[in-house]
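For reference, the structure I am asking about is given below.
The values are calculated or read from the model by the stated rules, or taken from the named source; none is laboratory data. Note that the structure is predicted; figures quoted are calculated from it, not measured. Cβ placement follows ideal geometry from the backbone for every residue including glycine, while neighbour counts extend to all protein chains displayed.
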Amino acid sequence: MFITAYDEHTDEIEALAAKILTPELAAALKKKLSDELTPVWEAAVDEVLAGAHESVSQVAAERAKRFLEAVLKGEADAAENLFGLKGFDGRKVFHPVIHGRIFESEPIKLRRELVEAHADLLRDARIADLEALLEGARAQVAGYQKSESERRYD
């Protein structure tokens, strides 16, 4: 508050100091005031920053806990957000089969691992995931077959 008040009235304070004090004494007082207030200000800033980190961590942990509790209670909106059913759903991958194994993106893998906990909510999404993987695998095989047949006739 003092600093804000000083900032707002700097010209007035300096004009008054110029009338009362010699330039040398004004400079000495200004330096003394700065020397006394700087450590107090820095300690206050350090305290706020140290407390902010702890407060933000606590708030983040509490929100994550409430979010997961909402998912476990079966709240559809929270589960849809967690399971990646909004935005990028992980179904459009370049090659769904790599070295003979089905590749699953992170949203698909998470849904596969948690489908038992929210079967009613995720059943349709999981079916759509598998249909997309199957369609991608079919397209990939068709591409290989086409390139293989083109190589035979070259």
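Listed here are the residues, each with its yes/no results for (1) at pLDDT 85 or above; (2) more than 30 Å from Glu135 (Cβ to Cβ); (3) not in a helix (DSSP H, G or I); (4) not assigned by TED's automatic domain parsing to the domain that holds Ile127.
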residue	(1), (2), (3), (4)
Ala28	yes, yes, no, yes
Ala43	yes, yes, no, yes
Ala52	no, yes, no, yes
Arg63	yes, yes, no, yes
Arg66	yes, yes, no, yes
Asn81	no, no, no, no
Leu85	no, no, yes, no
Phe88	no, no, yes, no
Val93	no, no, yes, no
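Can you name every residue in region 123-153 that is surrounded by 14 or more Cβ atoms within 10 Å (Cβ to Cβ) and in contact with a Pro (Cβ under 9 Å, 6 or more places away or on another chain)?
Those that are surrounded by 14 or more Cβ atoms within 10 Å (Cβ to Cβ) and in contact with a Pro (Cβ under 9 Å, 6 or more places away or on another chain): Asp129, Ala132, Leu133, Gly136, Ala137, Gln140.
Quick check: is even one residue across region 106-115 modelled with pLDDT under 75 and surrounded by fewer than 11 Cβ atoms within 10 Å (Cβ to Cβ)?
Yes, that holds for at least one residue.
Residues Val48, Val59: which one is under 30 Å from His118 (Cβ atoms), without any contact (Cβ under 8 Å) to a residue 40 or more places away in the chain and not assigned by TED's automatic domain parsing to the domain that holds Asp120?
Details: Val48 fails: under 30 Å from His118 (Cβ atoms).
Matching residue, one of Val48, Val59: Val59.
Return only the number of the condition from (1) over 30 Å from Tyr144 (Cβ atoms); (2) in the same structural domain as Tyr144 (by TED's automatic domain parsing); (3) modelled with pLDDT of 75 or more; (4) surrounded by fewer than 11 Cβ atoms within 10 Å (Cβ to Cβ) that Asp120 does not satisfy.
Going through (1) over 30 Å from Tyr144 (Cβ atoms); (2) in the same structural domain as Tyr144 (by TED's automatic domain parsing); (3) modelled with pLDDT of 75 or more; (4) surrounded by fewer than 11 Cβ atoms within 10 Å (Cβ to Cβ) one by one, Asp120 breaks only (3).
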